[in-house]
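Below is one structure, written out as structure tokens, with a few remarks after it.
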């Protein structure tokens, strides 16, 4: 028989939370705890670490007035830096996207020995410090380097050149291009491809007409993410570009250079320009990722 | 432990989940909240548990106002629809959870948990993880966990909804027996009429945030208070007829309806359950003229001991469903195309809102 | 090569070609540099390698500094990550979407810009400069500044791991804990943390790798005073500028070794995460099994 005392409880009842604001008014605590505490911590950190510093940056730049801002942000050297930054990042993003597509396809569709190893290696640029990447890339592509010794005689200068910048930017952005596209390829509905083949399409036609449209949003998102990553990169570029103003100086390098010379106005305004480009890209990327998520459903 | 719900309203954004709902739950009752999705039954259950807060209204437990009391202090046992077992704890630790957070001594915890595992017939499985159990076993762990803290009231949210039919039937009977033994006030939510009728002492039919009717299963089925209740519980044939002079007219056939003695005819909806219609072969001369409807059989479907006969009355497009015991159906040799006479035995009449009669 | 995957899309020779291309891409861009770091670091011999690391006081200090800055930044971001994920995953409130979008900002802002913003606040000529001078507190060119900069760049890593997991699991278990009488902390430690532990670990591992490797933001904030405010990546750069390539490679190899450890840990954790995601799916769909026989042990 069950010893069940249905109506008496010998167990202590957890105390109800104290409602200091009761009095005449009803207070309704949320069912799940922690809203107040987590809201306080989160807003404090987000404000103090993100909103406030960036606001100070923007306001400091804005305090120069439109004329002053333009004068500081649009110097010839700055313009060259934007061009190098944007140019190298765009080229690198395109390269990452194309190369990444090949790698993503291979990883998603083809079984071969060592596939898991290859898959793990794709994440190396995410874990490797950018300074290390820059150091070793420069060591590889200088005339005496492992790769440079073959490439420089062919006229391919990977170090202290624009090409060097593009190379390291591809290195840092490749994982982004791959990891966005890979799961989309994996989840493609193979039935539609088989249907196309049964209806007589060649492999190339099937790829172009059935597969490509399906993965295009992911590819574009991967491109945007690669571009965003490349634009902000500093650590690796510093080692390999030679940082020559007007030639291989990217915007972040210019900012640091001006800062070291206490030219705060120029440093700040160029930083705001860079920030503007980055945040615009962020908005675009978010919109693309939302579209990608919707399409996946 | 009795519960009194008074004028509870709850909205989620622009959606009104509960609209001025009042309900009394007697001590020791096993009550079912029955209704379609969106009827507010789960919301009401969660408000009783303290997992949601009503926008207005109050809840009393044995006379004490618990409206603002937090869920953890309400001493309710809540069984979630998908069990919500703690996936990283063993069965034992799941059941022991309520005791552990009250800092109950180990020996007491052990004896209570083992007692409960015996009660739900899961003794020996204390070391398993939820992922290693079947749906029915998880359900019982969830129940044991809720009962461990000796709650004053047991609340179950669609407890058997996710289970196979056979397991569902077994667990239903088992829950009924458990309730009879323990006598704890229990409220459960279901959209399955059969389940509500089999388990509950009292049934509360809800629709769109309101209580349509409350009563024993028999009361609710035999004397539905609203068209919704009649329609929701079991199948029903609806006919748009009229009432006049104390009679309702169904396909022209008069049925006594003393509630409307007026001479002024009014539109009315006449509801008949399939088993409230009697079927006889048309050629049978025993029917009085004017009391039965001639029809042709369209379809005969046997469903176990009951045969559903779909008929089309002559001169009408409507399809009438008549339930006949299978033995009778065989004796009558009903086939598509046969002519039959349908006699109404009982009907329920609902009058739409009155228009102005000048 | 398995035949299933190549029957409809590509023929064997093309598949082989693609695999070769992928291997070449990853090999040239990733593997060769990785191997080169270790090769160049150990080329002068293990003794020289050790000499460069242990016998150079500035390098020793850089290692020590990295080991004290990164964990603190990671700890701050772990606390923040858990709090922010709980807030966003379990509650709905006005401004929630805006808040979530703020979490992503450090990812898209160039680290140099972040460092500059910090300097503008805490630098001598910055907003709080005079106040800090009066209090004789040093932020930039000093350890606190390094922590700030590192915390900024690693901020999203933990919270972005936790939000999807918390949303996927749902609040039911925590609601159950509350209905059974658990207090906030009891619910958190007994129910929430066990459910998010692998995602949390994943975020911490990633955040740590990023924190130890951070260059740009720290470069701006540190003033890169050798022996005082150089972290390991900065030390690599300093040695490189001084044309001391072997020493630079030695320090770089330590960082690269750490990166490999990170990747292994990440791999293991992702395995666990995938297993848990599968269990979640199974639990969702297998509710209706009739047989009472136990399934395989988890």
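What FRET efficiency comes out for the pair residue A:293/residue B:198, r = Cβ-Cβ distance, R0 = 45 Å, nearest 0.05?
The computed FRET efficiency comes out at 0.55.
Considering chain B as a Gaussian network with a 10 Å cut-off on Cα pairs, which listed residue, B:292, B:216, B:338, attains the greatest mean-square fluctuation?
With Cα springs under 10 Å in chain B, the top fluctuation among B:292, B:216, B:338 is at B:338.
What is the range A:178-285's relative contact order, in percent, from Cα pairs under 8 angstrom and six or more apart in sequence? Don't skip to the answer; put the middle values down first.
Details: 61 pairs, mean separation 25.4, N = 108.
Over the range A:178-285, the number comes to 24 percent.
Distance between Cα centroids, the range A:46-81 to the range B:195-264: provide it in whole Å.
74
Would you calculate a helix-derived [θ] at 222 nm for chain A, using -39,500 (n - 2.57) for each DSSP H run of n ≥ 4 and dividing by the full residue count, to the nearest 500?
Working: 15 runs with 200 residues, N = 297.
Estimated from H runs of four or more residues: -21500 deg cm²/dmol.
Hey, what did chain A get for relative contact order, percent, Cα under 8 Å, at least 6 apart?
Details: 303 pairs, mean separation 75.8, N = 297.
RCO, chain A: 26 percent.
Report, as an integer, the average count of C-beta atoms from other chains found within 10 Å of each Cβ along B:172-184. Can you show the working numbers first?
Details: counts 0, 0, 0, 0, 0, 0, 2, 0, 0, 4, 4, 3, 3.
Taking all residues of B:172-184 together, the mean is 1.
Among B:304, B:50, B:135, which one moves the most in a GNM of chain B with springs linking Cα atoms closer than 10 Å?
In the Gaussian network model the winner is B:304.
What is the Cα centroid distance between the range A:219-297 and the range C:82-120, reported in whole angstrom?
About 18 Å separates the Cα centre of the range A:219-297 from the one of the range C:82-120.
I'd like the distance separating the alpha-carbon centroids of the range B:288-330 and the range C:195-238, in whole Å.
Cα centroid to Cα centroid, the span is 81 Å.
Residue A:192 to residue A:59: extension gain in nm, 0.36 nm per residue of separation minus the Cα-Cα distance? Present the calculation step by step, with values, prior to reporting the outcome.
Values: separation 133, 0.36 × 133 = 47.88 nm, distance 5.39 nm.
The residue A:192-residue A:59 span can extend by a further 42.5 nm.
Test of understanding: extend the Cα→C-beta vector of residue B:9 to 7 Å, then name every residue of the range B:186-218 with backbone N under 19 Å from that spot.
B:207-212
Which shape class applies to the protein assembly as shown: rounded if a/c is under 1.5, otherwise prolate when a/b exceeds b/c and oblate if not, where a ≥ b ≥ c are the square roots of the Cα gyration tensor eigenvalues?
Working: a/c = 2.42, a/b = 1.97, b/c = 1.23.
It is prolate, given that a/c is not under 1.5 and a/b is the larger ratio.
For peptide B:97-107, how many partner chain Cβ atoms fall within 10 Å of a residue's Cβ, on average?
Details: counts 8, 8, 3, 5, 10, 8, 3, 3, 0, 0, 0.
Partner-chain Cβ atoms within 10 Å, mean over residues of B:97-107: 4.
Please compute the contact order of the range B:237-350 in relative form: average sequence separation of alpha-carbon pairs under 8 Å and at least six residues apart, divided by the residue count, as a percent.
On the way: 252 pairs, mean separation 33.8, N = 114.
In percent, rounded to a whole number, it is 30.
Classify the range B:67-225: rounded, prolate or oblate, from the alpha-carbon gyration tensor (a ≥ b ≥ c, eigenvalue square roots; a/c under 1.5 rounded; otherwise prolate if a/b is larger than b/c)? Write out the running numbers ahead of the final one.
Working: a/c = 2.16, a/b = 1.65, b/c = 1.31.
It comes out prolate by the Cα gyration axes.
What number, rounded to the nearest 500 deg cm²/dmol, is the helix-based mean residue ellipticity at 222 nm of chain B, given -39500 (n - 2.57) per DSSP H run of at least four residues and division by all its residues?
Details: 9 runs with 91 residues, N = 358.
Only helices count here, giving -7500 deg cm²/dmol.
Nearest-5 percent of antiparallel DSSP beta bridges in the protein assembly as shown?
Values: 59 of 77 bridges.
Of all bridge pairs located within the protein assembly as shown, approximately 75 percent are antiparallel.
Which shape class, rounded, prolate or oblate, goes with chain A when its Cα gyration tensor gives a ≥ b ≥ c as root eigenvalues, a/c under 1.5 marks rounded, and past that a/b bigger than b/c marks prolate? Numbers along the way, then the final one.
Numbers: a/c = 2.28, a/b = 1.27, b/c = 1.79.
Judged from the Cα gyration tensor, chain A comes out oblate (a/c at least 1.5, b/c at or above a/b).
Given the options A:174, A:54, A:117, state which has the largest fluctuation in a GNM of chain A using a 10 Å cut-off (strictly under) for Cα springs.
Answer for the Gaussian network model of chain A: A:117.
Quick one: if the Förster radius is 35 Å, what FRET efficiency do residue B:103 and residue B:181 give, using the C-beta to C-beta distance and rounding to 0.05? Mind showing how you got there, number by number?
Working: r = 29 Å, r/R0 = 0.83.
Computed FRET efficiency for residue B:103 and residue B:181 comes out at 0.75.
Throughout, read-outs are computed from the coordinates displayed, never taken from laboratory work. A quick note: this is a predicted structure, and the numbers were derived from the prediction, not measured. No Cβ is skipped: glycine too gets one built from the backbone with ideal geometry, and neighbour counts run over all protein chains shown.
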